[in-house]
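Undergrad: Below: one structure in structure tokens.
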Amino acid sequence: MTHRRVWVAGVLAVALAAGGCTGADDGGFRPGAADAGDPYVPGAGNGGYDVGHYALDVRYDPADDRLTGTATLTVTATRALSAFQLDLAGLTVDRVAVDGAPARHRRDGAELIVTPAHGLPAGKRFTVEVAYGGVPRPLPDPVLGDGGFHHTPDGAIALGQPQSASTWFPVNDHPSDKATYDVAVTVPDGLAALANGVPKGRTTAGGWTTWRWSERSPMASYLTTLVIGDYRVTTGTHGGKPLVTAVAATLPADGPAAASVARTGEVVDFLAARFGPYPFDAYGGVAVADDRIRYALETQTRPVYGPGFFRSGRPNTEVVAHELAHQWFGDSVSVARWSDIWLNEGFATYAEWLWAEHDGGRTVARTVADRYAATDWSKPSVDPGRAGMFGDAVYQRGALAVHALRRAVGDETFYRVLRGWLAERRDGNVTTADFIGYAERAAGRPLRALLDAWLVGGTPPGLP
């Protein structure tokens, strides 16, 4: 995620598999945990199960801002469950079925509590079908900013980090539970409906058009997106994979946003030469015109760029490089807990510096010197606190740590470490300790003291 400005301003307390319950039902079945135990996002996520796949079929009419949908989840119980919870904010649930049988359900704030007719043994694979609807609203957050479903004059934008998915479908809303997706979005004829993954065609009937998308690589819920409205959509291929870009019709066709997004394939190729093969089956990007979107976000396969990045009147491919680097760092290899967000942002920021140098801009050495001089060393990159999730310590100091690693081990070993890390942990979830351990093994030397100094130390290390 890239921010134009910093918004005003740990370890998982409970593992997902452990559940968090009170009392026990006959046979050892108990309710699943009410959240993922991540203090950075209290109340988000749930425990006791793992979602493997979401099949979403939604219909949205901008005229009355009403969304209706059916979500079918393929789930595996990780412990014996008498009930479980899904995150769903502000929408009305009409019906819930588990394995085709009606299930009791009730709401508790942004939680949907489901009680199936029979207990679910540990290891059981089951389906959950939820029919729901209403007028979606974003999730207010005075610290991190509003994320979720935003109504626009011509449609909607569903976007946000660390949470947004629960505003438009029932979900286990924490990156530790990644899943694959099939999404069908029905909108009035003439509007585009963009989501993640490979385009699977569209059909039109009775004044409505259904757009279909499929993401077959596991995806964290905050990386889902839905962009509906009047957009110039360009579909092509790059490296044998579909490349879908879209630019809001209110932005000039020959303007800086369009010119920047048009270089997506070129930037991907530059990054792939350094990080290894691109990890997904589709490429793309979406440039929106809504001023409420004050950031760019690495939504999987199709990053979304807010209008503020292009107000200079010149193309801005550095933000494109940042969000595309996230496809490796953050999307394919995802954090297990938000306190390690530097693993996403530090590497994406460093990739931005690499691209700028390659594209005729500032050298990495010059950028490192400037960022080093501006760093507040009292603020750590690891576990920066909830208010510091999107602060300079995560982005800039995190990128300085990446550069320090590069200088310490040399370019050949540095890129070998990154490519090996990304290949070994592809589609998974990781922690800072995981990365340091891997880097030490791959480089064949101790690196913990070096990385600790750059990531969390209170005094400035020597400039590399």
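Undergrad: What does the stretch 233-316 give for Rg and for Dmax, in Å, if only its C-alpha atoms count?
TA: 12.7, 36
Undergrad: Local charge sum around Val198 (other residues, Cβ-Cβ under 11 Å, Lys/Arg +1, Asp/Glu -1)?
TA: After counting each charged neighbour, the total is +2.
Undergrad: Before rounding to the nearest 500, sum -39500 (n - 2.57) across all DSSP H runs of length at least 4 in the chain and divide by the residue total; then give [θ] at 222 nm in deg cm²/dmol.
TA: -6500 deg cm²/dmol
Undergrad: Quick one: of the DSSP bridges fully inside the chain, what percent are antiparallel, nearest 5?
TA: The antiparallel proportion sits near 80 percent.
Undergrad: To continue, here is another question. Kindly state, to the nearest 0.05, the FRET efficiency for Trp208 paired with Thr237, given R0 = 41 Å and r defined as their beta-carbon distance.
TA: Between Trp208 and Thr237 the formula returns 0.90.
Undergrad: Taking a point 7 angstrom from the Cα of Asp230 along the C-beta vector, which residues in the stretch 43-85 have backbone N less than 18 Å away?
TA: 61-65
Undergrad: For the stretch 129-237, which whole percent of the accessible surface, found with a 1.4 angstrom probe, sits on carbon and sulfur atoms?
TA: For the stretch 129-237, the apolar C and S fraction of the accessible surface comes to 52 percent.
Undergrad: Identify all aspartates and glutamates with a Cα-Cα distance to Lys124 below 15 Å; exclude those on the same chain that are fewer than 8 residues away in sequence.
TA: Within the straight-line cut-off, Lys124 pairs with Asp50, Asp99.
Undergrad: Moving on to the next point. Which value, in nm² and rounded to one decimal, describes the direction-averaged projected area of the C-alpha convex hull of the chain?
TA: 21.6 nm²
Undergrad: If you count only protein heavy atoms with a 1.4 Å probe, what accessible area per residue comes out for the stretch 75-173, rounded to a whole Å²?
TA: For the stretch 75-173, the solvent-accessible area averages 37 Å² per residue.
Undergrad: Between Ser378 and Asp452, take the C-beta separation as r, use R0 = 22 Å, and let me know the FRET efficiency to the nearest 0.05.
TA: That gives a FRET efficiency of 0.90.
Undergrad: Shifting gears a bit: With a 1.4 Å probe and all protein chains left in place, how much accessible area per residue does the stretch 206-342 have, in Å²?
TA: Here the residues of the stretch 206-342 average 29 Å² of exposed surface.
Undergrad: So what's Rg/Rh here for the stretch 28-110, counting alpha carbon atoms and using the Kirkwood radius for Rh?
TA: In the stretch 28-110, Rg relative to Rh is 0.99.
Undergrad: For Lys241, go through the aspartates and glutamates and keep the ones whose alpha-carbon is under 17 Å away, minus same-chain ones fewer than eight residues off.
TA: Those aspartates and glutamates meeting the cut-off are Glu215, Glu266, Asp269, Asp281.
Undergrad: Can you compute the radius of gyration and Dmax for the stretch 151-240, using only the Cα atoms, both in Å?
TA: Calculated on Cα positions, Rg and Dmax stand at 13.7, 40 Å.
The values are calculated or read from the model by the stated rules, or taken from the named source; none is laboratory data. A quick note: this is a predicted structure, and the numbers were derived from the prediction, not measured. So basically every Cβ, Gly included, is an ideal-geometry build from the backbone, and we count neighbours across all protein chains shown. Just so you know, the surface numbers come from the protein's heavy atoms only, side chains and all, with ligands and any DNA or RNA stripped out. Shrake-Rupley method; radii C 1.70, N 1.55, O 1.52, S 1.80 Å.
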